[in-house]
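Read the structure below first, then the notes.
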Amino acid sequence: MTSEPLLSAQALRAAVLSTLDEFLAEQGEILTDISADLGPFRTWLGELVSGGKRLRPAFCVWGYLGAGGTDLAAGLRAATSLELLQACALIHDDVMDDSDTRRGKPAAHRRFATLHRGSSWLGDAGRFGDGAAILLGDLCLSWADEMLYRSGFGPEPLGRAKRVYDRMRTELMAGQYLDLLEQARGGGSVDRSLLVVRYKSAKYTIERPLHMGAALAGADESFLAALSAYGLPLGEAFQLRDDLLGVFGDPAQTGKPAGDDLREGKRTLLVATAMQRATPEQAEHLREGLGDPHLGPEANEELRGIIVATGAVDEVESVIARRTAEALGALAAMGLSEEAHAALTALSVAATARSV
């Protein structure tokens, strides 16, 4: 594989999808050999991973290239393993949040529950759906490891990358728990909401994929630190943009119902800031509506109006702008090749400039 196809974002995304399709076709044969009943695992997972922004593989690839990596075929396969880790996180996240949809289609646990009901099987369809989805997510986690190990790198670079990968997974699971804990506590803390942002998403989406790619290329600690100075604030800006989209985004673009984060009771920086700035009456409305699974369009719009009125949206936009500027300043100071600098600049825009 030559470097040219990977230098455009579109070509890189196509290469990631092709790599995923090839891997899942192989794994699908194994599942078929076990039982035809495992068909939904392969089919529904294939549909899930057919979409997405491919940010994690892109940052991993450019961390690898920026650190001087040259085996692009192996680098791409290693980077693509992150899409299977992401699939695991999405499937499990939807179970925890009791979400109905993902990327515009029924969430995995909903699909399994529908299969149960349609087949008139015994037991509770919802519990079956949750259990089957958890197993599918676990399978994705296992396959992510397998794809990394089969990427084509030798033991030494794989060992370096695996240390980053293991740390990233620990941080992700810790961040997921802290997110659940904030919802259970009722949130309200700006500092705690930022801690969730950092560990549930920022490190996992940008900083650690960059580190993983750079580790495969043998980067030293100073280069990894420079990547952190760029990747961590950018990752926080990315998640804060995602939080805005979770409340104000267009369902046609997000693949989730409008205001879904309000129904799920997500205790984001946006919500924490709104609660801090709200009048007592506004705060009471927010507390009553957040986490209500039956929140209708009118009540949803009322909550969004309160959040806007408190100035929380403007504040989060300001934080996004500051974090992005910090990241781009760190990127400019790294002295990367013109191609790597241009690619990471474009990825910065893709991660943070999505419209609400």
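The values are calculated or read from the model by the stated rules, or taken from the named source; none is laboratory data. Here the structure is a predicted model, which is why all the values come from computation and not from measurement. Ideal geometry is used to build each Cβ from the backbone, glycine not excepted, and the neighbour counts take in all protein chains shown.
Is there a residue in the range 261-279 that is farther than 27 Å from Val164 by Cβ, among the hydroxyl-bearing types (Ser, Thr, Tyr) and modelled with pLDDT under 90? Taking every residue of the range 261-279 in turn, none turns out to be farther than 27 Å from Val164 by Cβ, among the hydroxyl-bearing types (Ser, Thr, Tyr) and modelled with pLDDT under 90.
Among all positions in the range 326-342, there is no residue which is under 21 Å from Ser193 (Cα atoms), without any contact (Cβ under 8 Å) to a residue 12 or more places away in the chain and part of a helix (DSSP H, G or I). For the range 118-129, a residue qualifies if it is surrounded by fewer than 21 Cβ atoms within 10 Å (Cβ to Cβ) and either in a helix (DSSP H, G or I) or in contact (Cβ under 8 Å) with a residue 40 or more places away in the chain (or both), and the qualifying residues are Gly118, Ala125, Gly126, Arg127, Phe128. Before we move on, is Ile34 more than 30 Å from Ser222 (Cβ to Cβ), within 18 Å of the chain's Cα centre (by Cα), at pLDDT 95 or above and aliphatic (A, V, I, L, M)? The answer is no for Ile34. Within the range 35-61, if we keep just the residues that are without any contact (Cβ under 8 Å) to a residue 40 or more places away in the chain and not small (Gly, Ala, Ser), the residue that is farthest from Val349 (Cα to Cα) turns out to be Asp37.
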